[in-house]
Amino acid sequence: MRRSLAAATAMLLISTWLMVAPTQAATGFASPAFQAQWQAGEAVTPNFWGPLSLARDGQQEPYVEGKLADGTSGQRLVQYFDKARMELTNPATGTVTNGLLATELISGKLQAGDNTFQTLQPAGVPVAGDPDNIGPTYASISANATTLLANTPTAAGSPTTRLLGATGTLGTYSGAYASDPQGTVAAYDADTQHNVPAAFSAYRTKVGLLSIGFAISEPFWSNVKVAGTQKDVLVQAFQRRVLTYTPTNNDPFKVEFGNIGQHYFTWRHPSGATAPTTPPVSPTPPVATPQSPTAGTHAGPADLYPDPTLTPGDVFPNVTAKEVCVSGYSASVRSVSSDEKRQVAARYGYTGPSSDVEYDHFISLELGGSNALTNLWPERYVTADAPGQIGARAKDRVENALHAAVCRGDMTLQQAQDQIRSDWYAYFLTLPK
């Protein structure tokens, strides 16, 4: 009996996989930048993006400000994964974004440029569970905008009681998990005015605000088919992703990302046709021997700057000025372990006292910088070759000044990041003494 049950379960999982898998699995990553972001996400939590077996090869899609590696304008490289999509709008910057996919699917407004949108219908694609579920769909969330999408007062400590049925009908949830503490409101996104239950608040803290975004809907319960079995699932839409909480799942998988990469592809390419695909490329091997910045290219001596081959600077994808200007933002995304600091020291060959250096984010967190190794370096507090023995503390002043300028609206976040990359010390020289 046990053997038969196990076999049946295996067949059920295989059939579910076949329903959601692309016709042909991706043969590789379309860009080294995509591979780097995929590896960073999967290191945070399993199935952050989903495996290559559920991804598609890279392809070109129209985007007003887009550029391809060959210089073609009006197109950009994208790659669809099970849980999200990666976009390389300008290969010269190497910045990978992920798009506000949930926002587009619910609103029906396809983003075709920074300020260009194409009006479609909200996606009639099931938001959770198996792809052959009747619903609820993104379109049914949109159809219930007054209840689910409108600005909502804070309801801290209240249970989630909304129920959205498969056909899009609203009701009150009174099922077995009505009193589950994970469904109790534990946070409030003031920027979008939506409540967030404990399960999703904790998960977002773990994986980072930038990966998910702010809530754009109220949470709701629904009964959907998952791997062929009907289950009660808590669902909430955020700007970039959809989160689900399934109480009956094993602990590591109670909270999961929805398959929004698959959903978005189905909505945007209903016939399955795609733009020309881009063959996978091999990632560029790391530079083995550190090199100093070219002499004479900066206002200060070389030891004021990181090695550009090791630390070119890296930013979180999709971060906005509004997000970095929220009090406490930097602390909420800071994540550099002792092991990572040792890796940074090894990359730079630094063997001195740890008290003499700051393991610094080249592009600071308050300016949208990431925790990637390519954004970290052992910056000395006192730099012997610099005028007045200026070091890390001086750069802190520059970061604070640039952050203030961004939050006042005096410059864009991109301009502030570019100033750090080009020459932070030159900007320091313009500050009041």
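Nothing in this text is a laboratory measurement; each read-out follows from the coordinates by a stated rule. The model shown is predicted, which means the values in this text are computed figures rather than measured ones. A quick note on method: Cβ atoms are made from the backbone with ideal geometry, for glycine too, and the neighbour counts reach across all protein chains shown.
Taking the longest Cα principal axis of the chain as reference, the axis of helix 392-408 is set at about 50 degrees.
Scanning residues 5 or more positions from Ala155 or on other chains, none has an amide H under 5 Å from its amide H, with H placed 1.01 Å from N in the peptide plane. Dipole magnitude for segment 299-433: computed about the Cα centre from +1 point charges on Lys and Arg Cβ and -1 point charges on Asp and Glu Cβ, it is near 200 debye.
Ranked by the mean number of other Cβ atoms within 10 Å of their residues, highest first, the peptides 44-52, 72-80, 330-338 fall in the order 72-80, 44-52, 330-338. Using the structure shown, list the pairs from Lys206/Lys231; Lys83/Lys231; Lys109/Lys254 with a Cα-Cα distance above 23 Å, or answer none. Table pairs above 23 Å Cα-Cα are Lys206/Lys231; Lys109/Lys254. Helix 198-207 and the longest principal axis of the C-alpha atoms of the chain enclose an angle of approximately 40°. For Ser370, Ser158, the sequence from fewest to most other C-beta atoms within 10 Å is Ser158, Ser370. Semi-axis lengths, largest first, of the ellipsoid equivalent to the chain are 41, 24, 22 Å, with √(5λ) applied to each eigenvalue of the Cα gyration tensor. Annotation: for a label point projected 7 angstrom from Cα along Cα→Cβ of Ser422, no residues of segment 62-90 have a backbone N closer than 13 Å. Each Lys and Arg adds +1 at its Cβ and each Asp and Glu adds -1 at its Cβ; summed about the Cα centre, the chain shows a dipole of about 760 debye. Relative to its residue count, segment 25-156 spans a Cα convex hull of 157 Å³ per residue.
Positive contributions from Lys and Arg (+1) and negative ones from Asp and Glu (-1), summed over other residues with Cβ under 13 Å from the Cβ of Gln236, come out at +1.
Listed peptides 102-112, 422-432 appear in the order 102-112, 422-432 once ranked by packing, highest mean of other Cβ atoms within 10 Å at the front. A convex hull fitted around the alpha carbon atoms of segment 112-272 yields 125 Å³ per residue.
For segment 354-371, 3J(HN,Hα) computed residue by residue from phi via the Karplus equation (6.51, -1.76, 1.60; θ = phi - 60°) reads 5, 6, 8, 10, 10, 6, 8, 7, 4, 8, 5, 4, 5, 10, x, x, 9, 9 Hz, glycine and proline entered as x. For the peptides 304-310, 91-97, the ranking by mean Cβ contacts within 10 Å, running from highest to lowest, is 304-310, 91-97. Across segment 302-428, the convex hull enclosing all Cα atoms gives 105 Å³ per residue. Dividing the summed helix terms, -39500 (n - 2.57) for each DSSP H run of n ≥ 4, by the number of residues in the chain produces a 222 nm estimate of -8500 deg cm²/dmol to the nearest 500. Think of segment 94-209 as a dipole: +1 on every Lys or Arg Cβ, -1 on every Asp or Glu Cβ, centred on the Cα centre; then among Gly165, Pro131, Gln182, Gln182 lies furthest on the positive end.
Of the residues Ile141, Gly213, Ala202, the one whose Cα sits farthest towards the positive end of the charge dipole of the chain is Ile141 (charges of +1 on Lys and Arg Cβ, -1 on Asp and Glu Cβ, taken about the Cα centre). Each residue, Val326 and Thr167, gets one label point 7 Å from its Cα in the Cβ direction; the gap between the two is 3.8 nm. Computed from the alpha carbon positions, the gyration tensor of segment 39-90 leads to an equivalent ellipsoid with semi-axes of 25, 11, 8 Å, biggest first.
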